[in-house]
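Working notes, beginning with the structure itself.
The values are calculated or read from the model by the stated rules, or taken from the named source; none is laboratory data. Please read these numbers as outputs of a predicted model, since none were measured by experiment. Glycine gets a Cβ as well: all are built from the backbone with ideal geometry, and neighbour counts include every protein chain shown.
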Amino acid sequence: MKEDEVVNVSSEGSVNPYAAPAAIEHELAALVEKEHQPRPLRALGRWTLICCISAAPSFFWGCALHRHFEHIVGMICGILVFVLAYTVVECTHYYQQIITRPHMHRTVLFGYGTRIMFSVIFPAGLAIDMMTGIISVAIIQNVSPANSVELSEVSATASAFAVFLTTVVQGILLNIMLFGYMVCVYGVLRVMARVRDRFRDRRRELAADMG
């Protein structure tokens with residue numbers, strides 16, 4: 001057999017170098033597919049960490065306004081909705097295709113890295129979360145049948161559910177803002193890549209002319 005038909009695989013296992021080319025391609029395809037399979041537990045842990053850090057300013061702000069146990073449970077359940085939603089999305093085949101496209105992975109890193117940075121810088125994160133929180137409270141109060149009743153005057157279940165809905169609406173607003181920011185980041189990365197490619201092509205042309 002020719003030397004170029006010998007295949008070495010060092011991570012998950014090894015491919016028989018004396019097998020037929022069709023068998024080698026099949027084994028390699030199986031290894032690659034297994035390597036890129038999503039890992040739900042790892043995704044769950046990653047998004048739990050990201051969502052908890054991102055939601056910290058809103059959570060502390062919400063605890064200052066609603067200190068009852070039912071309200072805290074409502075906020076935690078609202079955060080868990082986004083943790084589970086992000087985990088499910090990451091485990092889909094469509095997400096795996098999107099994230100491997102040029103500039104997409106870097107865009108996601110920039111986007112959520114910026115979000116975490118603003119959450120760690122407490123005044124900045126608190127200002128953004130307070131703005132979206134006020135809007136969320138106004139939305140829930142307008143659509144709720146008990147919009148004129150204070151949370152302390154309704155049942156614990158109803159008030160906890162209102163806090164849960166407010167948390168979900170605020171999370172949606174924050175994700176819309178984050179998505180818009182990542183669209184801008186993606187556009188900048190594409191422009192920078194095109195400029196870099198043009199400079200590289202220009203340098204090659206100059207080197208060819210000088211040679």
* To do: Answer yes or no as to whether Phe82 is at pLDDT 90 or above and not β-branched (Val, Ile, Thr).
  => yes
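Tell me which residues, restricted to segment 47-75, are among the aliphatic types (A, V, I, L, M) and crowded, with 17+ Cβ neighbours inside 10 Å.
Residues satisfying the conditions are Ile50, Ala55, Ala56, Met75.
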* **Residues that are in contact (Cβ under 8 Å) with a residue 60 or more places away in the chain and of a type outside the set (Val, Ile, Thr), drawn from segment 91-113** => Gln96, Pro102, His103, Met104, Arg106, Phe110, Gly111, Tyr112
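Residue by residue, here is whether (1) assigned by TED's automatic domain parsing to the domain that holds Leu80; (2) touching a strand residue (DSSP E or B) at 6+ places or on another chain (Cβ under 8 Å); (3) surrounded by fewer than 11 Cβ atoms within 10 Å (Cβ to Cβ); (4) closer than 30 Å to Arg101 by Cα holds:
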{"site": "Ile176", "(1), (2), (3), (4)": "yes, no, no, yes"}
{"site": "Arg200", "(1), (2), (3), (4)": "no, no, yes, yes"}
{"site": "Glu205", "(1), (2), (3), (4)": "no, no, yes, yes"}
{"site": "Asp209", "(1), (2), (3), (4)": "no, no, yes, no"}
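For segment 97-107, indicate whether the set of residues that are of a type in the set (Lys, Arg), within 20 Å of Val169 (Cα to Cα) and assigned to a helix (DSSP H, G or I) is non-empty.
Checked segment 97-107: no residue is of a type in the set (Lys, Arg), within 20 Å of Val169 (Cα to Cα) and assigned to a helix (DSSP H, G or I).
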